[in-house]
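Student: Mind looking over this structure? Questions follow.
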Amino acid sequence: MPGTDPLLLDEISLLLVWTAVAIYVLAFIAYAIDLARRSDLALKAKDEVVARELVTAGGGGVIGGSAASSASTVASKPRYLWARLGTVLTTLGFVFHLVATVLRGVAAERVPWSNMYEFALTGLLLIIAVYLAVLTRYDLRFLGSLMTGLAVLLLGGATLAFHVEVVPLADPLKSVWLVVHVFVASLATALFALAFGLSVVQLIQARRERKLAEAPTDAEPKRSFLRTVPSADALESLAYRFAIVGFIFWTFTLIAGSIWANDAWGRFWGFDTKEVWTFVIWVLYAGYIHARATRGWRGTRSAWLSIIGFTAVLFNFTIVNVFFKGLHAYSGLTT
Amino acid sequence: MSSSPSDPSRREPTDGVLRPSDHADSAAASDSDDITQPRLGVVGWARWGWRQLTSMRTALVLLLLLAIAAVPGSLVPQRTADPNGVTQYFTDNPDLAPVLDNLSLFDVYTSPWFSAIYLLLFISLIGCVLPRTKHHWKALRSQPPRTPARLSRLDDHRTRTIAVDGDPDAAASAAVDTAAAQLRKSGYRVARYDGRGTFSVSAERGYLRETGNLVFHAALVGVLVAVGLGGGFTYTGQRVLVEGQAFANSLLDYSSFNPGRFVSGDTLTPYSMTLDQFDVSYVPPGQPGAGQAGDFVAHVTTQAPGGDPQDGEVRVNHPLDVRGDRVYLLGNGYAPTVTIRDADGREVFHDSVAFLPQDANMTSLGVIKVADGLPEQLGLLGFFYPTMDVLPSGALTSTFGDLEYPVLTLRVYEGDLGIDDGTPRSVYTLDPSGMTQIAGGDSGNPAIQLMPGQTEDLPNGLGTITFENEAPAGASGYDGSVKRFASLSIHRDLAGPWVLAFALLALFGLLAALFVPRRRMWVKATPSANGVSIEYAGLARGEDPTLAAAVDQLVEKHGTALPAQSRPDTDARPRPTGPEAGSPTPPQSQPDTGKVD
Ligand code: HEM
């Protein structure tokens, strides 16, 4: 943008980022209230059906026990007012976030993902985008507080810790592969994030289902938002579906990264820190997919693998990135 | 998930997918290897061991082990990726380092334990994939399995009844014909199974899923083999070229050379390469990113024997292809040109010496060695500052990477350079033990300080030293007064294209393996006195979230093709359909996550 001061643009962008973070905080609160209220609502709803169905749902085969009950609660819309408010706020925050990211790109005159601050900016934008896109097909609002919470923590943290002013791109980053590789990696991260959220809820739900199955049928049902959430089995299938799409993108990231490494460093693979972690994450998710197909590993164990996998992704995104810079002295080629 | 253990077609001889016995979809417990103890005996044990090794559980455990085993290599510096880091680690942790070294922790990815894990994994993989390939090959050429007797036991089951005027048998057969045609058109392989008063078509699709899975796993083997074998035919060599210098692609001309196992030095492709000019630009002071260097370009001329000289450019991210070799830009820096004359004015040294950059502003460190021509050998340890400034402490520093105020300072040592006995010494280091410092430091003489074009006396009347100004006539300021060097890395990589090809194959295999739904469909028509009852059923082979929708679609499509008086029955076992219960909406269009199976 000739004539526009990049510093000014970046300042506006930064302002928008903080606005987005603030709105995400509100969305988080709305979602949290929603979860708290769900337990009440669920209690008021007639319960004995649910309890009976849950027991069968645990048995495999037929899915839909608690899912059906959740569906029927979904049907009576007004009761999820807070969740709707959360989604509206998240969407609003997303718009600010999007404009901020675009402005940052305009200020820098390149794609806005080439340093830690920008990785976080774009990566979290994609996480929220994927979450919102998925909402149009599945009611995953019970993940809302987790997603917005993640956005607040990471976006706020990254802006505080990593914000740098726009500087020209270092030579090694001047490559189409920066555009492709990093974008696809962020997309994969977004999908893994959703799978992670679902796996977490799956674990909690599975625990509850186990307890319910053991409890005498006439026991006083405990209040919990989980009553309004799909069964552990259903959550697992859904988590798996996001994870495999994420895994495809991650595989592509790995290949694209190797092609880039071959152009930039003269070898497609060198077990550099960043490469090691990308590989470790790939193997972990391959393990997760296998676990889903291995007797005795489906369910809780595979959910743990999904959680471990995403933890590794976050570790790679944060700690390894910071560490990675220290290792990568391009022998005088970059500052 | 859709397929419960009670699946009636489970034990069909033509079952299309062979899975390790502990696969989640395999028939349960009875043939589980936990329970059945093998008969003792070599063959029995071997078979049992093989079955363990090729089980899903082993594959999973090995995968997780692989992930864990890869981690230490990112925590401890690796010899291949960061040799200097390893040296530093030994200096910093003199006690710990040898212990780690014994555990191969500086060479994790070639260590025996890491190799053991991935080799076992790949043996397991091959042992798993081969029988499945054979089985799949057969399945590809066999018919879809016989229609199960009781379709109603399947999860996804629908029925409808049609009224008929004429012969119910003919109507039933015709209805199945229609279904068969429709199924075939949507990509199913179909087989008719009529008899015992029923007419049915059995259909199967999605063989590509298993093909994709096998291709994926086989391609992984391909990647491993390509990396392993290809590495043997790969070489890399490093060379520092100062502007104006040329080099020939032969072993002698490399400063370091790493050949693969099957590369011999005399097979290098012959060509020569001259560095004509090295360009770099710096962000001027006062702008964001001030001082940052970029747009590095090495302009070179290459020439094959008997060929014409060709101009080329080596840039970061854009290596230059020279007769199948790829030339990479690894680094750059300044190479001050220094001339040393003896007391009589005879030239004893004249060269451009590459100085290694130490910081972002190109403070550079270099060594000049004068082995002959003076009474004693001379070693000079030099610092070069392209834009020199004085820190408050009095120390010199460089404040900008470009040549604004270039200054060269030198400490001088006299004595034995230690190169006469043939011990290899790096050209970038000077070992001053056994030498006497005669300029700089505590020697009593100040360090020599020169700008381009200046000459000074060496201490003790040894002679003079000149820092040559290399600027072309008419250059402004100090532009071009000091030559630059490019450090180039030359690679021949035969593995790369193969690895890429296998990796892409794996990716496409994976896409098919994960997203092509594999399923069976059956349409069965049973004629009776008051019409024909038609049953539809689907069975997923592996993950198939859209199965129910596909069965619904089949029912609908088939209905429209039937005579008008047909009507769907309400299913004997209504599926939980949530708020819109009873409505025929396909499950996946509901916002509810429960309908995943
Ligand atoms: C380098 C090691 C391996 C990797 C990275 C790997 C990765 C994968 C991936 C990503 C999938 C999902 C794709 C699909 O469902 O078709 C998969 C599936 C599968 N793998 Fe592997 N695998 C490895 C080794 C093995 C071994 C050793 C076995 C044999 C025991 C095996 C057996 C299977 C089977 C049976 C499936 C299908 C699972 C299903 O039914 O969903 N894999 N593998």
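The values are calculated or read from the model by the stated rules, or taken from the named source; none is laboratory data. Since we're looking at a predicted model, the values are computed, not measured. For neighbour counting, all protein chains shown are included, and Cβ atoms are generated from backbone atoms with ideal geometry for every residue, glycine included.
Student: Is one or more of the residues making up the stretch B:322-345 more than 10 Å from chain A (Cβ to nearest Cβ), assigned to a strand (DSSP E or B) and exposed (fewer than 15 other Cβ atoms within 10 Å of the Cβ)?
Tutor: There is no residue in the stretch B:322-345 that is more than 10 Å from chain A (Cβ to nearest Cβ), assigned to a strand (DSSP E or B) and exposed (fewer than 15 other Cβ atoms within 10 Å of the Cβ).
Student: Select the helices (runs of 4 or more DSSP H) contained entirely in the stretch A:31-120, then report the ones holding at least 2 residues which are surrounded by fewer than 20 Cβ atoms within 10 Å (Cβ to Cβ) and modelled with pLDDT of 85 or more.
Tutor: Output list reads A:81-108.
Student: What residue, among those in the stretch B:191-235 that are crowded, with 22+ Cβ neighbours inside 10 Å and more than 13 Å from the ligand (Cβ to nearest atom), is nearest to the other protein chains (Cβ to nearest Cβ)?
Tutor: B:Tyr235
Student: Out of curiosity, is A:Arg292 surrounded by fewer than 21 Cβ atoms within 10 Å (Cβ to Cβ) and either within 25 Å of A:Leu150 (Cβ to Cβ) or modelled with pLDDT of 85 or more (or both)?
Tutor: no
Student: Now for a different question. Tell me whether the stretch A:252-274 contains one or more residues that are of a type in the set (Ser, Thr, Tyr), assigned to a helix (DSSP H, G or I) and facing chain B (nearest Cβ under 7 Å).
Tutor: Yes, the conditions are met somewhere in the stretch A:252-274.
Student: Scan (1) modelled with pLDDT under 95; (2) under 26 Å from A:Asp34 (Cα atoms) for the single condition A:Phe192 breaks and write down its number.
Tutor: Status for A:Phe192: all satisfied but (1).
Student: With the requirement that a residue be basic (Lys, Arg) and either assigned to a loop (DSSP other than H, G, I, E, B) or more than 12 Å from the ligand (Cβ to nearest atom) (or both), what does the stretch A:275-314 give you?
Tutor: Result: A:Arg295, A:Arg298, A:Arg301.
Student: How many of the residues making up the stretch B:219-266 are of a type in the set (A, V, I, L, M, F, W, C) and closer than 23 Å to B:Gln277 by Cα?
Tutor: 6
Student: Look through the stretch B:108-124, keep the residues that are under 15 Å from B:Ala81 (Cα atoms) and surrounded by 17 or more Cβ atoms within 10 Å (Cβ to Cβ), and return whichever of them is nearest to the ligand (Cβ to nearest atom).
Tutor: Here the answer is B:Tyr109.
Student: I would also like to ask the following. Which one of these does B:Ala572 not meet: (1) at pLDDT below 75; (2) within 8 Å of chain A (Cβ to nearest Cβ)?
Tutor: Here B:Ala572 meets the rest and fails (2).
Student: Of all residues in the stretch A:162-176 being part of a helix (DSSP H, G or I) and not charged (D, E, K, R), which is modelled with the lowest pLDDT?
Tutor: Among those residues, the one meeting the criterion is A:Pro172.
One line per residue, one yes/no per condition, for (1) at pLDDT below 80; (2) away from chain A (no Cβ under 12 Å); (3) in contact with a strand residue (DSSP E or B) (Cβ under 8 Å, 6 or more places away or on another chain):
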site	(1), (2), (3)
B:Met521	no, yes, yes
B:Glu535	no, yes, yes
B:Val551	no, yes, yes
B:Leu554	no, yes, yes
B:Pro563	yes, yes, yes
B:Pro576	yes, no, no
B:Gln588	yes, no, no
B:Pro591	yes, no, no
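Student: Looking for something within 23 Å of B:Asn469 (Cα to Cα) and exposed (fewer than 14 other Cβ atoms within 10 Å of the Cβ) - is there at least one such residue anywhere in the stretch B:378-390?
Tutor: Yes.
Student: Identify, please: which residue in the stretch B:391-409 is of a type in the set (A, V, I, L, M, F, W, C), in contact (Cβ under 8 Å) with a residue 40 or more places away in the chain and in contact with a strand residue (DSSP E or B) (Cβ under 7 Å, 6 or more places away or on another chain) and is, among those, surrounded by the most Cβ atoms within 10 Å (Cβ to Cβ)?
Tutor: B:Leu408
Student: Could you list, in sequence order, all residues of the stretch B:54-79 that are more than 14 Å from the ligand (Cβ to nearest atom) and either at the interface with chain A (Cβ under 7 Å from one of its Cβ atoms) or in a helix (DSSP H, G or I) (or both)?
Tutor: B:Ile68, B:Val71, B:Pro72, B:Gly73, B:Ser74, B:Leu75, B:Gln78
Student: I would also like to ask the following. Give B:Ser481, B:Ser487 a once-over and let me know the one that is within 9 Å of another protein chain (Cβ to nearest Cβ) and closer than 28 Å to B:Pro357 by Cα.
Tutor: B:Ser487
Student: To continue, here is another question. Do you know which residues across the stretch A:295-326 are of a type in the set (S, T, N, Q) and at pLDDT 85 or above?
Tutor: Passing the criteria: A:Thr300, A:Ser302, A:Ser306, A:Thr311, A:Asn316.
Student: Still on this structure, please answer the following. If you check every pair at least six apart or on different chains, which have Cβ atoms under 8 Å apart with a residue in the stretch B:216-227 that is part of a helix (DSSP H, G or I) first and a residue that is more than 9 Å from the ligand (Cβ to nearest atom) and of a type in the set (Val, Ile, Thr) second?
Tutor: Listed by first residue and then by second, the contacts come to B:Ala218/B:Thr133; B:Val223/B:Val499; B:Ala226/B:Val499; B:Val227/B:Val499.
Student: Of all residues in the stretch B:494-550, which are of a type in the set (A, V, I, L, M, F, W, C), within 16 Å of the ligand (Cβ to nearest atom) and assigned to a loop (DSSP other than H, G, I, E, B)?
Tutor: Once the filter is applied, which keeps residues that are of a type in the set (A, V, I, L, M, F, W, C), within 16 Å of the ligand (Cβ to nearest atom) and assigned to a loop (DSSP other than H, G, I, E, B), the stretch B:494-550 yields only B:Val516.
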